[in-house]
């Protein structure tokens, strides 16, 4: 089948030195860009993370320090990949929780900004977990009827993710579902804007430390002793908290960018 797309959909898969969005680094990036006419373009790159890859992590994705020592850094390829993603919606497997936040952070680290507003974000894992609840290897076996050979190679994983999404649409499009006594719904359609609704994404701060309040009028803390308090309220009463977050604590660049803008507005 062919996805019904109004603009390209770029599936992203990253392998990294670990799962910490703030401190870990990308060691492989693969992007499969699917165009409205069905054409596909794959970009894949091994990256020197500039920090050691833990052996236990290398044993999972198969990329070791010696494999990346002569590879380009993310700074070297950032502009090329930012341009590649410019006109696309974004997708992946667990991408809203890991791949996209990690990619946003890497771009910020080299002084570039991956704009997320105005894009549909389709997390194939969210659809899978809503409808069946398992992982990529199981999803590929379940939906495509094949074993996934070479899992944790980003280029192989992202091809599998694309195939799983198409199989999900074929299987569930226009299928009614009822969850926990709620009204009957038809959640799956061949429409990226509908598929993106299976999962949420905090475009304000991908690490989730800062969120909007229920009225989406003010930014509030989503952690620690000031959870639920607005930035305006906290920084007005405890300006030292801003200094702590910016200079002493280990927060992501995404978080620091938001509080920096808020601080300037307050002052």
Can you tell me how many residues in the stretch 249-266 are surrounded by fewer than 16 Cβ atoms within 10 Å (Cβ to Cβ) and either more than 19 Å from residue 105 (Cβ to Cβ) or outside the structural domain of residue 225 (by TED's automatic domain parsing) (or both)?
-> 3
For residue 162, which of the numbered conditions (1) closer than 17 Å to residue 139 by Cβ; (2) in a helix (DSSP H, G or I); (3) modelled with pLDDT under 90 fails to hold?
-> (3)
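Residues 114, 90: which one is in a loop (DSSP other than H, G, I, E, B), surrounded by 19 or more Cβ atoms within 10 Å (Cβ to Cβ) and either modelled with pLDDT of 95 or more or touching a strand residue (DSSP E or B) at 6+ places or on another chain (Cβ under 8 Å) (or both)?
Result: 114 is the single residue among 114, 90 that is in a loop (DSSP other than H, G, I, E, B), surrounded by 19 or more Cβ atoms within 10 Å (Cβ to Cβ) and either modelled with pLDDT of 95 or more or touching a strand residue (DSSP E or B) at 6+ places or on another chain (Cβ under 8 Å) (or both).
Of the residues in the stretch 60-87, how many are more than 19 Å from residue 114 (Cβ to Cβ) and loosely packed, with under 12 Cβ neighbours inside 10 Å?
Matching residues across the stretch 60-87 total 4.
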From the option list 3, 42, single residue qualifying as under 19 Å from the mean Cα position of the chain (by Cα) and either in contact (Cβ under 8 Å) with a residue 60 or more places away in the chain or not assigned by TED's automatic domain parsing to the domain that holds residue 101 (or both) is 42
Tell me which residues, restricted to the stretch 66-94, are in contact with a helix residue (DSSP H, G or I) (Cβ under 8 Å, 6 or more places away or on another chain) and under 12 Å from residue 12 (Cβ atoms).
-> 89, 90, 91, 92, 93, 94
Checklist (1) at negative phi; (2) over 14 Å from the mean Cα position of the chain (by Cα) applied to residue 174, failing item | (1)
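Taking the criterion of being assigned to a strand (DSSP E or B), touching a helix residue (DSSP H, G or I) at 6+ places or on another chain (Cβ under 7 Å) and not assigned by TED's automatic domain parsing to the domain that holds residue 22, would at least one residue in the stretch 224-243 satisfy it?
No - not one qualifying residue is present in the stretch 224-243.
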Residue within the stretch 140-151 that is within 21 Å of the chain's Cα centre (by Cα), outside any helix (DSSP H, G or I) and assigned by TED's automatic domain parsing to the domain that holds residue 194 present = yes
Could you check residue 193 against (1) surrounded by fewer than 17 Cβ atoms within 10 Å (Cβ to Cβ); (2) assigned by TED's automatic domain parsing to the domain that holds residue 110; (3) outside any loop (DSSP other than H, G, I, E, B); (4) touching a helix residue (DSSP H, G or I) at 6+ places or on another chain (Cβ under 9 Å) and say which number it fails?
-> (4)
Selected residue (criterion: surrounded by the most Cβ atoms within 10 Å (Cβ to Cβ)) from residues of the stretch 117-136 that are under 19 Å from the mean Cα position of the chain (by Cα) and in a helix (DSSP H, G or I) = 124
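Residue-wise test of (1) part of a loop (DSSP other than H, G, I, E, B); (2) in contact with a strand residue (DSSP E or B) (Cβ under 6 Å, 6 or more places away or on another chain); (3) in the same structural domain as residue 166 (by TED's automatic domain parsing).
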{"site": "22", "(1), (2), (3)": "yes, no, yes"}
{"site": "57", "(1), (2), (3)": "no, no, yes"}
{"site": "60", "(1), (2), (3)": "no, no, yes"}
{"site": "63", "(1), (2), (3)": "yes, yes, yes"}
Residues of the stretch 19-37 being at pLDDT 95 or above and surrounded by fewer than 14 Cβ atoms within 10 Å (Cβ to Cβ), which ones?
-> 36, 37
Considering each of 187, 206 in turn, give the residue that is part of a loop (DSSP other than H, G, I, E, B), surrounded by 13 or more Cβ atoms within 10 Å (Cβ to Cβ) and modelled with pLDDT under 90.
-> 187
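The values are calculated or read from the model by the stated rules, or taken from the named source; none is laboratory data. What you see is a predicted model, and the numbers here were worked out from it, not measured in a lab. All Cβ positions, even for glycine, are placed from backbone atoms using ideal geometry, and neighbour counts span all protein chains on display.
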